[in-house]
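The values are calculated or read from the model by the stated rules, or taken from the named source; none is laboratory data. Everything numeric in this text was worked out from a predicted model, so none of it was measured. Using ideal geometry, Cβ is built from the backbone for each residue, glycine included, and neighbour counts are taken over all protein chains shown.
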Amino acid sequence: MSYPSDSSPPTSNAIQRVAFALRTTGWVCFWTQLVLAVVSAVIQLFAIFAFNPGRTAQPGTTSGMGGGLVFALIGLGILGFSIFQAFRYTRLARRLKAPGMARPSRAETMKQIRLGLTSNLSGMAVTLIASEAINGILLAKAISQPRNFLATAGSLQDFIQPVDFFVVLANTHTIVAHFVGIVAALWLMREIYKN
């Protein structure tokens with residue numbers, strides 16, 4: 001598909017189809033990512049503050065602390081930018097449909113979609129690194145736990161705690177949100193180049 005020249009009427013079927021795809025995909029992606037980001041952020045904050053009140057985190061004692069938590073929070077920050085990009089898709093759709101506004105070119109539209117795709121791919125990569133770190137800490141805790149119930153050779157933080165699963169769940173929500181953004185961007189690229 002090619003965008004008609006700016007002199008053609010703004011109600012072209014191809015432009016209307018692309019505008020509809022941008023608007024629909026933008027809103028679905030925006031709300032899905034926003035809900036998953038809020039849930040993930042609340043779970044992360046709950047895990048950080050509710051289960052570690054007034055204690056300083058020691059490396060390797062609580063999953064999610066240290067490198068895993070840092071990467072998870074960076075992935076959440078990148079998700080915030082991806083949510084903004086999804087909202088920008090809806091603004092692009094409005095500009096495509098509005099008769100009085102300057103219509104964005106195909107190159108400008110693709111640039112915005114590529115930026116959204118790149119941010120989601122980067123965010124997913126960082127969040128997967130966080131997931132590897134968190135799961136490594138959980139594995140180390142599981143291996144180091146005493147096999148005898150009565151043997152308490154370590155502190156309580158050496159055992160797998162419910163907070164560990166909260167951190168894994170929050171990280172999984174962030175990964176899913178980035179995946180939604182990747183699928184949305186790929187689908188939009190397909191729609192723009194559809195004949």
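Quick one: count up the residues across the stretch 29-59 that are surrounded by 15 or more Cβ atoms within 10 Å (Cβ to Cβ) and either among the aliphatic types (A, V, I, L, M) or at pLDDT below 90 (or both).
Residues flagged as surrounded by 15 or more Cβ atoms within 10 Å (Cβ to Cβ) and either among the aliphatic types (A, V, I, L, M) or at pLDDT below 90 (or both) within the stretch 29-59 amount to 11.
Name the single residue that is nearest to Arg190 (Cα to Cα) among those in the stretch 92-151 being of a type in the set (Ser, Thr, Tyr) and free of Cβ contacts under 8 Å to residues at least 24 places away in the same chain.
Thr118
Name the residue, out of Leu96, Leu138, that is more than 14 Å from the chain's Cα centre (by Cα) and crowded, with 21+ Cβ neighbours inside 10 Å.
Leu96 is the lone residue from the list that is more than 14 Å from the chain's Cα centre (by Cα) and crowded, with 21+ Cβ neighbours inside 10 Å.
Can you name the condition, by its number, that Ile182 falls short on among (1) at pLDDT below 90; (2) within 15 Å of the chain's Cα centre (by Cα)?
Evaluating Ile182 over (1) at pLDDT below 90; (2) within 15 Å of the chain's Cα centre (by Cα) leaves (1) as the failure.
Kindly indicate whether Gly75 is touching a helix residue (DSSP H, G or I) at 6+ places or on another chain (Cβ under 6 Å), at pLDDT 90 or above, surrounded by 17 or more Cβ atoms within 10 Å (Cβ to Cβ) and over 30 Å from Ile160 (Cβ atoms).
In short, no.
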